Amino acid sequence: MAGCGATYESRYWGRDLKVVCVEKANIERSGAVAQGLYAINCYMGMQWDENQPEDHVRYARNDLMGLVREDLGYDIARHVDATVHKFEEWGLPIMKDPETGRYQREGKWQIMIHGESYKPIVAEAARKAATEVYNRIMVTHLLMDESKPNRVGGAVGFNVRTGDFYVFRAKAVIVCAGGASHIYKPRSVGEGMGRTWYAPWSSASAYALPILAGAKMTQMENRIVLTRFKDGYGPVGAYFLHLKTYTENAYGEEYESKWYDHTKELVGDYVDRHPVPTCLRNHAFLEEMKAGRGPIRMVTKEAFQDPHKETVGWENFLGMTIGQAVVWASQNIDPKHVNPELTTSEPYVMGSHATCSGAWASGPSDYAPAEYQWGYNRMMTVEGLFGAGDTIGGTAHKFSSGSFCEGRIAAKAAVNYVNDLRNEKLQVSEKQYEDLKKTVFQPMENYQVGRNEIVAGTVSPSYLLPISGLQRLEKLMDEYVGGISAHYMTNEPLLTRGLELLCMLREDLNHLGAEDLHQLQRAWELHHRLLASESVTHHTMFRQETRWPGYYYRADHPKLDDEDWHCFTVSRYDRESGEWEMEKAPVYHIVD
Ligand SMILES: Cc1cc2nc3c(=O)[nH]c(=O)nc-3n(C[C@H](O)[C@H](O)[C@H](O)COP(=O)(O)OP(=O)(O)OC[C@H]3O[C@@H](n4cnc5c(N)ncnc54)[C@H](O)[C@@H]3O)c2cc1C
């Protein structure tokens, strides 16, 4: 989404520039919106005075327990409506309220769409704008300018079908590579392994690429856990907001209010905010489960008696999460007669949903406090390196429309940056990318050499298969950094040991073996996931409080601590030494 927005807008401002869009799948059906969506979750409705950008900042700030980059959030909110209007112009069917003629609201911020073809519609705009779209190229590394320290010089990657190596020299790079699933062990393993809530192909490149280039990251500990329908991860938004369904425990009791006093003790007044922050609703769910009164169910039996609501309930999945409809069908669950089970997901790392992990970016010149401005809007702490969507940290609740919109914002700034460089030449030597080429294909070499040592099976003394490395990473993050099997709980000793094991895994990744190009892609996805995991672990260790109970818990610092931790956490990785540096950055409240 963000990449398509960036491509579209780059052409608008940079008529004579070479604009290329590089994608590891095919932009027609790639990313988190690949299957389509049933709602656009970020739309102000300013034309009807439904909401103002300041309202959205307050909403996101409240949901993230006080900590968002208000300058960045405001910047998206003030522009996002225009982006949604473009989608409609390009052919996206948006549902209308028959009485008012306005877009049909699902909730205060969400509008309902017939969105199975959302992604192809958006991709078409990017395709028409780009000088060239390079599909099936996985970007593995960014190039650096050798004439100036800390300046990006392009990117390299390989074609996952042909194995050709690609070098993109570029004055500006906008990273829009989505979030990260499969960092933590998922609930569905074995034959169900690909079934995750966030797209299984979201492999943390959005974080690893900038991290390796030396860009600062923020709020990487703020990983998200989602309450979803069990086994299919079907979304619950339309059910709660539009169908007005509600949850109950195994004995048919309302349970959230039971945990009020307990939660208040942990987070103080945040529990009294409206709407109740997403993480706190998870918290009540988890506590009720731990008390042995699960499963928690969504009460659908009442709403589904209304044929219109029944249709909406099913269509909601058919347009975006078909898997949930299939799971219900295969498990004999008809929500008209059975209240379906809910569960909490494994954690994901992302920056566009009810969470805000990602790169530390410069803010808009007319709105950001001086401390948040060191260059062009959405430029990271590396010159010429921009980001949008899940890539950029501190800005929760942008969703699909906000991500596309942020891509546009970043692109406008990137074009200005390129124009300001004028005829200045970047220096990227052949040696730089030839060295990277060797590194990129090393796993295939490892396999070629090592496979002679085995006669059958897949266990080799001298190489590690990507799937084995991935499972080791997931287990480690699950057990030490607060995954599902630990009830999202961790502490300093666990994190310390987790980091030791992550370092050992990092060493072992030099021995990854890739049998073919598909496995080579898996190998680099694993590299990227590992780096993002290290970042998450360092951030989780640094923040000595439990800011978002329901997302994760520091058992050794179980309470929210506004006095010491009403701040952003910021990290920087030094690729020469392999060390991480952590610092705090202030949170400025710009909106009342
Ligand atoms: C199940 C689900 C339901 C959702 N529901 C809604 C909803 O109802 N409404 C709503 O508005 N939003 C919803 N969202 C959120 C929305 O999809 C995201 O906010 C948005 O897609 C993020 O945009 P992005 O560009 O950052 O990432 P994506 O759209 O995921 O794009 C990232 C792209 O980068 C590519 N890529 C990754 N790594 C590399 C690499 N190394 N080299 C080259 N290419 C790479 C990927 O293939 C992908 O195309 C939902 C998301 C999910 C997963």
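Being modelled with pLDDT of 95 or more and either of a type in the set (D, E, K, R) or within 25 Å of R29 (Cα to Cα) (or both) holds for only one residue in T355, T343, T321, and it is T355. Of all residues in segment 20-36, those that are at positive phi have Cβ atoms under 8 Å from Cβ atoms of residues that are hydroxyl-bearing (S, T, Y) and near the ligand (Cβ under 6 Å from one of its atoms), 6 or more apart or on another chain, in G31/S202.
Condition check ((1) surrounded by fewer than 20 Cβ atoms within 10 Å (Cβ to Cβ); (2) among the hydroxyl-bearing types (S, T, Y)) across all residues:
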site	(1), (2)
K301	yes, no
T311	yes, yes
E315	yes, no
V349	no, no
W374	yes, no
G384	no, no
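Considered as a group, the residues in segment 134-157 that are within 11 Å of the ligand (Cβ to nearest atom) and aliphatic (A, V, I, L, M) include one that is farthest from I27 (Cα to Cα), and that residue is L142. Using the structure shown, decide if T140 is buried (at least 22 other Cβ atoms within 10 Å of the Cβ) and more than 30 Å from T546 (Cα to Cα). The answer is yes for T140. For segment 347-393, residues that are of a type outside the set (D, E, K, R) and part of a helix (DSSP H, G or I) total 4.
Among the residues of segment 228-238, none is identified as assigned to a strand (DSSP E or B) and more than 14 Å from the ligand (Cβ to nearest atom). Any residue in segment 83-96 that is of a type in the set (A, V, I, L, M, F, W, C), part of a strand (DSSP E or B) and surrounded by fewer than 24 Cβ atoms within 10 Å (Cβ to Cβ)? Yes. When residues in segment 450-484 are screened for being hydrophobic (A, V, I, L, M, F, W, C) and at pLDDT 95 or above, 9 of them pass. The residues listed here are V57, V80, V22, V68; of these, the one that is under 30 Å from N282 (Cβ atoms), within 14 Å of the ligand (Cβ to nearest atom) and at pLDDT 95 or above is V80. I'd like to check something: does segment 492-506 contain any residue that is away from the ligand (no atom under 16 Å from the Cβ), outside any helix (DSSP H, G or I), basic (K, R) and modelled with pLDDT of 95 or more? The answer is no, given that none of the residues of segment 492-506 is away from the ligand (no atom under 16 Å from the Cβ), outside any helix (DSSP H, G or I), basic (K, R) and modelled with pLDDT of 95 or more. Could you check, for segment 247-260, whether at least one of its residues is within 20 Å of V327 (Cα to Cα) and outside any strand (DSSP E or B)? Within segment 247-260 (the criterion being within 20 Å of V327 (Cα to Cα) and outside any strand (DSSP E or B)), the answer is no, since none of the residues qualifies. Among the residues of segment 199-221, those identified as near the ligand (Cβ under 9 Å from one of its atoms) and either more than 28 Å from Q35 (Cβ to Cβ) or surrounded by 24 or more Cβ atoms within 10 Å (Cβ to Cβ) (or both) are S202, S203, A204, S205, A206, A208, L209. Those strands (runs of 3 or more DSSP E) of segment 109-227 that lie entirely within it include none in which at least 3 residues are at pLDDT below 95 and aliphatic (A, V, I, L, M).
The values are calculated or read from the model by the stated rules, or taken from the named source; none is laboratory data. Worth saying up front: this structure is predicted, and the values here are computed from it rather than measured. A quick note on method: Cβ atoms are made from the backbone with ideal geometry, for glycine too, and the neighbour counts reach across all protein chains shown.
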